[in-house]
Amino acid sequence: MILALGLLITFLAGAVWLFNSVRDIASVSSNEIVEFTPGEVESAAQPSDQNPAPDEEQDEPLPIIIADELEPWSGTERINILLLGTDRRCEETGPNHSDTLILATIDPKRMTATLFSLPRDLWVEIPGFGVDRINQAYYFGQIYEYPGGGPALASETVESFLGVPVDYFVTVDFQSFEDAVNLIGGIVIDVPESIDDPDYPDNCYGYEPFSIEAGKQRLDGAAALKYARTRATLGGDVDRAGRQQAVLMAVRDQVLNLNQLPKLIAQAPTLWRTFQENVKTNLPLDDALEIALLIQDIEAENINTAVLDYDYVYIETTPDGRQVLVPRRDKIRVLRDEIFPVEAVPTPVFEDLQQMMVGEKARVAIHNGTAVFGLAADTQTYLQNLGVDISEIGNADSATYERTQIIDYGAHPQTTRFLIQEMQVPPMNLSEGEKAQGAYDILVIIGNDWATQLSSDSSEA
């Protein structure tokens, strides 16, 4: 279900054994997805028909490359890898969602790394598809045949949200994670609190109750997956992100502290057979091996974790009844700049966004959806002073709107972002319309939330 530094080490270290024999196949350009079939691997590892195998007595073992003979990553630029866990179940073959999103960033200069978890219910803008939960990006990329598929659209969504580049992606499903943890002999986790989850979902839309006591526990692959996936704690999806990071660090400790690399190299055929069926990545194998060796040299105390918890998000319910996590963008921007101090591309500050809004020349209509007399006119004055082009004001179809709504009849991202920021409108209250009923491009239906805020702003002024 999940993949980050520890699991990346497990996968990459096991692939060392096949490094020479599959190098020509696996070293692909960065925009291609590596999906080996058993036939391709077998043909790479065995003599071809043009070069018949010698007699069995003269057979030599396939080449084995020891990890010590390989050089770690020699680049100096930060490496960002988006790790995606998918929720494929019941041997499904159709589109699925990303159950986990972790952006792993590695700084070769400072020899540091960070695991940055993004909750799957985070409410963000998916490029080309509007605002939705972040885990929908992977799904949309598949069903709409986006170039590069689900992983590519998920990567672009994370890039757009954080303002940092995503260099590579790696996706893995439930079975791959279980197999990897079992292969290294399980992991040891210090469980901070007891968990009882009678409604834990099995792998086929049923239930498989899960419970675990607080304290140090040794978990096999199945138990580790359940511990990482359960949401039966007070913090829900946010707590789960923290557990996933703890599991990944435990995988790393199990591999490195017990010096399991020689064992993993010896078991490379098993590892490769497991991962070639269930992992997709645009990370070339030779680069991956070098990055894995670099990760080994990073001290545990220099591997940090970060989660977008409730200091950075708040819970909202969408008009169609979905519960989502709305980002507190100002706070996230500060955290982003701490994790990515060099490469971060600042998102527009207020002054820049205001200029872009004015340049978009969108006509905005203000309709009063409350019983407050004159609210539309007061809002017109307020927004016009900020440079918004108000083309008309009037009354909405009802005077009972509790929350302000923004409807965009076209593509006016800068103006809608400006209005969302200035009027503090939850992003899920932004929608798209097909045809405006008047001479305007954007319709703002003001609710009681804006009436209270405008009154407060006026009092402070």
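Miscellaneous remarks
- Answer residue from the range 196-211, given it is hydroxyl-bearing (S, T, Y) and part of a loop (DSSP other than H, G, I, E, B) and is surrounded by the fewest Cβ atoms within 10 Å (Cβ to Cβ) among those: Y205
- Check on A411, surrounded by fewer than 19 Cβ atoms within 10 Å (Cβ to Cβ), at pLDDT 90 or above, in the same structural domain as V372 (by TED's automatic domain parsing) and not hydroxyl-bearing (S, T, Y): no
- For the range 439-453, the count of residues that are surrounded by fewer than 19 Cβ atoms within 10 Å (Cβ to Cβ), under 15 Å from H367 (Cβ atoms), small (G, A, S) and at pLDDT 90 or above is nonzero.
- Close pairs (6 angstrom Cβ cut-off, 6 or more residues apart or separate chains): part of a loop (DSSP other than H, G, I, E, B) in the range 72-89, of a type in the set (A, V, I, L, M) and modelled with pLDDT of 80 or more anywhere: P72/L294; W73/I291; W73/L294
- Residue count, the range 394-404 (criterion: surrounded by 19 or more Cβ atoms within 10 Å (Cβ to Cβ) and not hydroxyl-bearing (S, T, Y)): 1
- Filtered residue count, the range 392-436, keeping only those that are touching a Ser or Thr at 6+ places or on another chain (Cβ under 7 Å) and in contact (Cβ under 8 Å) with a residue 60 or more places away in the chain: 3
- Note on the range 92-195: enclosed helices (runs of 4 or more DSSP H) holding 1 or more residues that are under 13 Å from the mean Cα position of the chain (by Cα), assigned by TED's automatic domain parsing to the domain that holds I303 and farther than 27 Å from V255 by Cβ are 136-143, 149-162.
- Count of the range 406-417 residues which are assigned to a helix (DSSP H, G or I) and touching a Gly at 6+ places or on another chain (Cβ under 9 Å): 1
- Scanning the range 384-408 for residues that are under 13 Å from L430 (Cβ atoms) and either modelled with pLDDT of 90 or more or within 28 Å of the chain's Cα centre (by Cα) (or both) gives T404, Q405, I406, I407, D408.
The values are calculated or read from the model by the stated rules, or taken from the named source; none is laboratory data. Remember, it's a predicted structure, so these values are computed and weren't measured experimentally. Methodologically, a virtual Cβ is constructed for each residue, glycine included, from the backbone with ideal geometry; neighbour enumeration extends over all protein chains shown.
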